[in-house]
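The values are calculated or read from the model by the stated rules, or taken from the named source; none is laboratory data. Everything numeric in this text was worked out from a predicted model, so none of it was measured. Here the Cβ positions follow ideal geometry from the backbone for every residue, glycine too, while neighbour counts run over all protein chains shown.
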Amino acid sequence: MTGTVRPLAADGIDSGPKGSPAGERPLDRLKLIRWSDFSLVPVILVLMLIGFIVSPVFLTSENLISVVQQSSELSLLVLGQALILICGRMDLSLESTIGIAPVVAMWLVLPSEGGRFAGLGLLPTWSAIPLCLLVGLAIGAVNGFLMLKLRVNGFIATLGMLTMLRGLHIGITEGKSITDVPESFRYLGKSEWLGAPAAVWICLALFAVGGAALAWLRHGRSLYAIGGNPEAARAAGIRVDRVTWIVLAIGGLLAAFAGILYTGHYGSVAATQGNGWIFQVFAAAVIGGISLKGGRGTLFGALTGVLTLQLVVNVMTLGGVPALWNQFLNGAIIIVALVISRFASGEKQD
Amino acid sequence: MDQAPPAVQAEGVVKRFGPTVALDGVRLTVQPGESHALVGRNGAGKSTLVSVLTGLHKADAGTVAFGGEPAPAFGDTAAWQSRIACVYQKSMVVPDLTVAENLFLNRFDDNARWISWGRLRRRAERLLADYGVQVDPSTRARDLAVEQRQFVEIARALSFGARLIVLDEPTAQLDARGIGRLFGKLRELQAQGVAFLFISHHLQEVYELCTAVTVYRDARHVLTAPVADIAKAELVAAMTGEQSAGATAWHAGGDGAAAPDESAEPVLRTEGLTVQGQFEPLDLEVRPGEVLGLAGSAASGNTALGETLAGMRKAGGGTVRVHGRAVRSGSVPHALDAGIGYIPEDRHDQGLVLERSVAENATLTVTDQLGPWGTVLPSRTREFARSVIASLDIKTQGPEQPVSGLSGGNQQKVVVARALAREPSVLVAVRPTAGVDIKSKDSLLGVVRRVADEGNAAVIISDELDDLRVCDRVLALFHGRVVATFASGWNDGELVAAMEGVGERE
Ligand SMILES: Nc1ncnc2c1ncn2[C@@H]1O[C@H](COP(=O)(O)OP(=O)(O)OP(=O)(O)O)[C@@H](O)[C@H]1O
Ligand SMILES: [Mg+2]
């Protein structure tokens, strides 16, 4: 039974000339835009104004570039986490992946003697970046295996991964920093393209690609369906588990890539690389309008979330807040940013 | 020469959920172009069979074949979709996506790489217009009324162009006009030779639409016969397994129940109650022992009126009084304290906490009575739950079973149980029998009647004549206005006409 009847409506009527969006009224287009996704844009502008008032240094290009540079690694984690959250899952282990992936890659490629850090020297140096990405992908895939095949609780499973990978990191590096960073890492982390750090351009490009996929591709859209109502998604023919698994793997991949940029930028991997970031990652995502329950939010929103958070931190630093009060402020900032975005968007957060 | 292979043929299907056997070696055959009805009491296994036929659940045993070929591998949903389309009993929309996207979920466009949202919207507009549903395709699905959402799901299933369509209680959430529109569509498809599997608790719909009927009882196949050869009483007997089950819809004033006392103080009284855009200022009085019916389609505003009485909506003006005491508008706790019990229309959104047990759901409104000093004693909860399971005939493994594992009709009974738990002095019920089988319907309406007979007031909001028959008085609403009042013993035709806005009497 493969024959189909003429459907009652709509399908097949679209036989008009291809690519002629006749009757596309601009007003309709406006209606399609969810304004709440842009709600942080004015907030960012206000923050910049405040920054300017607080310190004349703020509006210098060095300062602004350093803000976006510092945002770039965090924003890659947020990008990964946002995709995972939209699917209705979460992955806490991203913050360990950012450290362990470069470490494993370097461990495999660095020579066993000569440097301060004794690697295995098993593979050629050029393979450092692919190896690092592969490690991230594998961590994401293992998370997927735990959550989707074994059906264990994702929150605790990835919390376990977080701790375990952090331990592995410390074990391999014996708690020390690795400073013999491969040249390829340095290049990505340090070089400038068109007057801005390469990392920033790469991040923007990845966000653009991700955003476009979520908005216009069938598989991208399926993330929202999976997060919003998994049963309905399954009934609509979406391979819920497969898509979720891929997204989890992409999350790991992005975290590993963030690790490359971070390592390259600072020229070393500390034993604490990424430690405590996950809090910021979640905060930025939620501030940016991503729902922790899944099915809601956009990558543009997530990006503005990251920027808001980083700008507030920058303004505070320029304002000369004493370092001992940093932790207090970090918490306070997140709560304030959360409240601001709640009311700027007019939507409840969950 | 043998005839064409059946559109779908299931043999010896077994499905277990833990200790529950939901299907016990059942069979079903739908011929090409046939409209086949599947009927049975709540929990008989109808929806479970639907999930097996559409590839959502894997059967523990048994075979399914479409058009003579074995069914696709489990998990290959896309392959199943090309053979069978379905309107599921539970809502299958994604609340945060727009109507347009829900309609074409995962099948936006086969040849284009990128989704064209403008084109999608126009396709959705045309599809909706075809069903006479007036919704903007860019509305988010969560903002739809229950009936609109149901039509979105129906339109989606029918637009697949499949040769076999399953409809699991599509009419339970529709009013008479909506059912009329749906049936019009189904007949068009019938004429094109599409086969249907139609599930409903309304037997008259089965007679109207279907040519063959299969009855399940307690997870087993009981009979399959041409509809023309089987009388309604036989069908009911097959479903219930009891010969004596006559169609005894409830009637007011039967059994020598005392007629409501005209001189008694009304239990429920509203003065000038109104909600902007829903219904106009309304004065109601419901006396002890009286069941008042508010008849009207989904658009008549009667559902909004029910929600206002229950405190789910804030009134635009006017007052609600219970036993002479004013009730604060727009607050469910105050309504509960005043003694208003509420059976909501949408059991998934407003009625149930799906992952929690039957016992917890049934006692959600009476947690303060289940133990001293704010404690909730499990023993008392269980005991209470056992009594409602028995009195409402809820089919469940026991009080501990999560509500999500109950059949649709049995979930509805849990909602009713909860409304009754507080022994309300005013019971407000919105379509209380939606999705409930014939026999349970009788007993549910009997329960409403009993609540009233104990000296309380009851308000039934519905467009189903069977629900309204227990009422002592029926007000017909149309576009937010009371257009007619009927005493018990009304005539079906007149009431239907009044609900549809023809033949205004007052
Ligand atoms: N997910 C589940 N987990 C546990 N038990 C289930 C589950 N789904 C269904 N059941 C059980 O299987 C039996 C059959 O349920 P099913 O939903 O098929 O009934 P139904 O005939 O569709 O009833 P209704 O008319 O009320 O919709 C019921 O006893 C129900 O409790
Ligand atoms: Mg069912």
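Worth a mention:
- Of B:Lys58, B:Lys46, all but one fail to be within 10 Å of ligand 1 (Cβ to nearest atom) and more than 30 Å from B:Ala124 (Cα to Cα); the exception is B:Lys46.
- Single residue of region B:85-104 satisfying the filter (more than 8 Å from chain A (Cβ to nearest Cβ) and aliphatic (A, V, I, L, M)) that is nearest to B:Phe160 (Cα to Cα): B:Ala85
- Any hit, region B:90-100, residues being within 16 Å of ligand 1 (Cβ to nearest atom), surrounded by 20 or more Cβ atoms within 10 Å (Cβ to Cβ) and among the small types (Gly, Ala, Ser): yes
- Annotation note: of A:Ala105, A:Ala199, A:Ala213, A:Ala141, the sole residue that is in a helix (DSSP H, G or I) and within 14 Å of another protein chain (Cβ to nearest Cβ) is A:Ala213.
- In summary, B:Gln173 fulfils each of the numbered conditions (1) surrounded by fewer than 20 Cβ atoms within 10 Å (Cβ to Cβ); (2) at pLDDT below 85 with the single exception of condition (1).
- Residues considered: B:Asp466, B:Asp437, B:Asp442. Of these, the only one that is surrounded by fewer than 18 Cβ atoms within 10 Å (Cβ to Cβ), within 18 Å of the chain's Cα centre (by Cα) and in contact (Cβ under 8 Å) with a residue 60 or more places away in the chain is B:Asp466.
- Helices (runs of 4 or more DSSP H) enclosed by region A:217-335 - at least 2 residues per element that are in contact with a Lys or Arg (Cβ under 6 Å, 6 or more places away or on another chain) and without any contact (Cβ under 8 Å) to a residue 24 or more places away in the chain: none
Residue by residue, here is whether (1) within 14 Å of chain A (Cβ to nearest Cβ); (2) part of a loop (DSSP other than H, G, I, E, B); (3) hydrophobic (A, V, I, L, M, F, W, C) holds:
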| site | (1), (2), (3) |
| --- | --- |
| B:Val166 | yes, no, yes |
| B:Ala172 | no, yes, yes |
| B:Gly180 | no, no, no |
| B:Tyr207 | no, no, no |
| B:Leu223 | no, no, yes |
| B:Ala228 | no, no, yes |
| B:Leu235 | no, no, yes |
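- Condition broken by A:Ser191, with the remaining ones in (1) surrounded by 24 or more Cβ atoms within 10 Å (Cβ to Cβ); (2) of a type in the set (S, T, N, Q); (3) free of Cβ contacts under 8 Å to residues at least 40 places away in the same chain satisfied: (1)
- Given (1) closer than 15 Å to A:Ala233 by Cα; (2) more than 9 Å from chain A (Cβ to nearest Cβ), index of the condition B:Val64 fails: (1)
- Within region B:48-94, the set of residues being within 16 Å of ligand 2 (Cβ to nearest atom) and part of a loop (DSSP other than H, G, I, E, B) comprises B:Thr54, B:Leu56, B:His57, B:Tyr88, B:Gln89, B:Lys90, B:Ser91, B:Met92.
- Residues in region B:8-43 that are near ligand 1 (Cβ under 9 Å from one of its atoms), out of contact with any Asp or Glu (no Cβ under 6 Å at 6 or more places or on another chain), assigned to a loop (DSSP other than H, G, I, E, B) and closer than 20 Å to B:Val87 by Cα: B:Gly40, B:Gly43.
- Top-ranked residue in region B:126-153 [being more than 11 Å from chain A (Cβ to nearest Cβ), part of a helix (DSSP H, G or I) and aliphatic (A, V, I, L, M); ranked as nearest to the chain's Cα centre (by Cα)]: B:Val146
- Unique match (being touching a residue at least 24 places away in the same chain (Cβ under 8 Å), within 30 Å of B:Arg450 (Cα to Cα) and either out of contact with any strand residue (DSSP E or B) (no Cβ under 9 Å at 6 or more places or on another chain) or within 16 Å of ligand 1 (Cβ to nearest atom) (or both)) among B:Arg217, B:Arg181, B:Arg177: B:Arg217
- Conditions (1) within 16 Å of ligand 2 (Cβ to nearest atom); (2) touching a residue at least 40 places away in the same chain (Cβ under 8 Å); (3) of a type outside the set (Phe, Trp, Tyr); number of the one not met by B:Thr171: (2)
- For the criterion of being touching a residue at least 60 places away in the same chain (Cβ under 8 Å) and either within 22 Å of B:Ser82 (Cβ to Cβ) or assigned to a helix (DSSP H, G or I) (or both), B:Phe108 fails.
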